[in-house]
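**Q** Pasting a structure below so you can have a look.
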Amino acid sequence: MYTKHVSSLMRSSLLGAFALMILACSCKSRDKDTDEREKFLEKERKVLIIGIDGCMPAGITAAKTPHLDTLMADGTYSLQARNTGTTISGPSWSAMLTGVWEEKHGVTDNSFTGSNYTKYPHFFKVIKDADSKYRTVSVSQWHPINDQIATMADVKVNSRDSSKDTKNKAIIELKKEDITAMFVHFDDVDHAGHGSGYSIENPKYLEAIETVDTAIGEIMTALKRRNNYINEDWIILVSTDHGGIGTGHGGDTDEERTIFMIVSGDKVPKVNLSKTTSDSLYTPLTVDLVPTALAHLCIPVQPEWGLEGTSLIKESCNY
């Protein structure tokens, strides 16, 4: 009797200890999962926007562009996006960086006469208004972008007139830890178009695209070598202001209006918006860049801003 009682007690104790072990392991596993989720959620969201002036989507297809190809493969993109405004750099970059068309931002040519950036500012101002600690950087080969549109950027760098210098200056800024949003503008593709033709039959035009692609590859390498990169959540947006026809642009042809849009990042769905399938729910527009960047930064768009674009991504943010 005594032996059976002791045996029963021992069995109960062993079962209790085993249950506690399972509970402890389960809690430890849940804690680990929670830690991993929180670690991911706590990553600092950051934006890199790269503008390639005068780059026709057909040029990307015809040229050797392994780095742009990688960004497209890792995200949402369209080679049939549209610029429905004036196909000139002043109004086009204004639309892309303010999120509104020229009827609102007021710029109709490269003189920037009539600009209304007070009411419809560069989206860097929206970022700074959301958090004054956010740091914005604009590196531009075409100086009017910094001198006219991005005047409120914390850091403005006008590069010399070459893709190489633009790339080098961008990499210098990327080595600084406190960037929230950065814009980099390349102009050599547009120079090649004006100089000898916006055409995939023009070797100089394709060569300029390939040179910029190589520069983008070096910029991406520098980004991934940032000291805190493992704790950062970057979204990369790449686009152009317009295409071209002959040696010019500013008209209403498909060659001038058709642009490309790339949105790449760890959480960005892999979607080709150019497909003529059910995936093709929306044709991206120039003004979509700003709401897309703001969505990634978890900055809710306010109606009074009057933005005219649509975000190309869906972000789950705890507003």
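**Q** Of everything in the stretch 178-191, what is over 18 Å from Val238 (Cβ atoms) and either in contact with a Lys or Arg (Cβ under 7 Å, 6 or more places away or on another chain) or among the aromatic types (Phe, Trp, Tyr) (or both)? Give them in sequence order. Full working, then the answer.
**A** Of the stretch 178-191, the ones over 18 Å from Val238 (Cβ atoms) are 178, 180, 191.
Matches in the stretch 178-191: Asp178, Thr180.
**Q** Can you confirm whether the stretch 271-285 contains a residue that is more than 20 Å from Cys55 (Cβ to Cβ) and among the charged types (D, E, K, R)? Write out each step before concluding.
**A** Filtering the stretch 271-285 down to residues more than 20 Å from Cys55 (Cβ to Cβ) leaves 271, 275-282.
Filter once more, so that each one left must be among the charged types (D, E, K, R): 275, 279.
Checking the stretch 271-285: at least one residue is more than 20 Å from Cys55 (Cβ to Cβ) and among the charged types (D, E, K, R).
**Q** Moving on. Please list, ordered by first then second residue, the pairs with beta carbon atoms under 7 Å, 6 or more apart or interchain, first in the stretch 113-124 and within 13 Å of Glu103 (Cα to Cα) and in contact (Cβ under 8 Å) with a residue 12 or more places away in the chain, second aliphatic (A, V, I, L, M) and surrounded by 21 or more Cβ atoms within 10 Å (Cβ to Cβ).
**A** Listed pairs, sorted by first residue: Ser115/Val107; Tyr117/Ile149; Tyr120/Val100.
**Q** Against the condition assigned to a loop (DSSP other than H, G, I, E, B), polar (S, T, N, Q) and crowded, with 22+ Cβ neighbours inside 10 Å, how does Thr113 come out, does it pass?
**A** Working: assigned to a loop (DSSP other than H, G, I, E, B): yes; polar (S, T, N, Q): yes; crowded, with 22+ Cβ neighbours inside 10 Å: no.
So Thr113 does not fit the description; no.
**Q** Same structure again: Being modelled with pLDDT of 95 or more and part of a strand (DSSP E or B) is true for just one of Val107, Val126, Val139, Val100. Which residue is that?
**A** On the way: Val107 fails: part of a strand (DSSP E or B); Val126 fails: part of a strand (DSSP E or B); Val100 fails: part of a strand (DSSP E or B).
Step by step, each of Val107, Val126, Val139, Val100 is checked, and only Val139 is modelled with pLDDT of 95 or more and part of a strand (DSSP E or B).
**Q** For Thr240, all conditions in the list (1) at pLDDT below 95; (2) buried (at least 23 other Cβ atoms within 10 Å of the Cβ) hold save one; what is the number of the exception?
**A** Of everything listed in (1) at pLDDT below 95; (2) buried (at least 23 other Cβ atoms within 10 Å of the Cβ), Thr240 misses just condition (1).
**Q** Mind listing just one residue for me: the one in the stretch 125-138 that is over 20 Å from Lys176 (Cβ atoms) and free of Cβ contacts under 8 Å to residues at least 40 places away in the same chain and, of those, surrounded by the most Cβ atoms within 10 Å (Cβ to Cβ)?
**A** Among them, the one singled out is Lys125.
**Q** Another question, if that's okay. Which of the numbered conditions does Ile299 fail, given that it passes all the others? Conditions: (1) within 14 Å of the chain's Cα centre (by Cα); (2) surrounded by 18 or more Cβ atoms within 10 Å (Cβ to Cβ); (3) closer than 14 Å to Val47 by Cβ; (4) not basic (Lys, Arg).
**A** (1)
**Q** Could we say that Lys119 is out of contact with any Ser or Thr (no Cβ under 8 Å at 6 or more places or on another chain) and in a helix (DSSP H, G or I) here?
**A** Values: out of contact with any Ser or Thr (no Cβ under 8 Å at 6 or more places or on another chain): yes; in a helix (DSSP H, G or I): no.
Judged against the criteria, Lys119 is not a match.
**Q** State which residue is nearest to Leu174 (Cα to Cα) when the search covers only the stretch 46-95 and only residues that are part of a strand (DSSP E or B) and of a type in the set (S, T, N, Q).
**A** Of all residues in the stretch 46-95, those part of a strand (DSSP E or B) come to 46-52, 75-82.
Remaining after also requiring of a type in the set (S, T, N, Q): 76, 78, 80.
Values: Thr76: 24, Ser78: 27, Gln80: 30 Å.
Top of the filtered list is Thr76.
**Q** To continue, here is another question. Would you be able to say whether some residue in the stretch 88-107 is surrounded by fewer than 18 Cβ atoms within 10 Å (Cβ to Cβ), among the acidic types (Asp, Glu), farther than 16 Å from Leu294 by Cα and in contact with a helix residue (DSSP H, G or I) (Cβ under 7 Å, 6 or more places away or on another chain)?
**A** For the stretch 88-107, residues surrounded by fewer than 18 Cβ atoms within 10 Å (Cβ to Cβ), among the acidic types (Asp, Glu), farther than 16 Å from Leu294 by Cα and in contact with a helix residue (DSSP H, G or I) (Cβ under 7 Å, 6 or more places away or on another chain): absent.
**Q** How do the pairs read when you match residues in the stretch 248-273 that are farther than 29 Å from Ile235 by Cβ with residues anywhere that are in a loop (DSSP other than H, G, I, E, B) and among the polar types (S, T, N, Q), using Cβ under 6 Å and keeping only pairs 6 or more apart or on different chains?
**A** Sorted first by the residue in the stretch 248-273, then by its partner, the pairs are Gly250/Thr87.
**Q** Residue check: is Lys43 modelled with pLDDT of 95 or more and surrounded by fewer than 24 Cβ atoms within 10 Å (Cβ to Cβ)? So that I can check it myself, show each step before the final result.
**A** Details: modelled with pLDDT of 95 or more: no; surrounded by fewer than 24 Cβ atoms within 10 Å (Cβ to Cβ): yes.
When the stated conditions are applied, Lys43 does not pass them.
**Q** Moving on to the next point. Looking at the stretch 197-210 only, could you name the residues that are over 19 Å from Thr87 (Cβ atoms), in a helix (DSSP H, G or I) and either touching a Phe, Trp or Tyr at 6+ places or on another chain (Cβ under 9 Å) or of a type in the set (D, E, K, R) (or both)? Step through it out loud before you land on a result.
**A** So the first thing to find is which residues in the stretch 197-210 are over 19 Å from Thr87 (Cβ atoms), and the list is 201, 203-204, 206-207, 210.
Next cut, in a helix (DSSP H, G or I) only: 203-204, 206-207, 210.
Result: Lys204, Glu207, Glu210.
**Q** Could you grab me the full set of residues in the stretch 139-190 that are surrounded by fewer than 20 Cβ atoms within 10 Å (Cβ to Cβ), in contact with a helix residue (DSSP H, G or I) (Cβ under 7 Å, 6 or more places away or on another chain) and free of Cβ contacts under 8 Å to residues at least 24 places away in the same chain?
**A** Val155, Lys156, Val157, Asn158
The values are calculated or read from the model by the stated rules, or taken from the named source; none is laboratory data. A quick note: this is a predicted structure, and the numbers were derived from the prediction, not measured. Don't worry about glycine lacking a Cβ; one is built from the backbone with ideal geometry, like all the others, and counts go over all protein chains shown.
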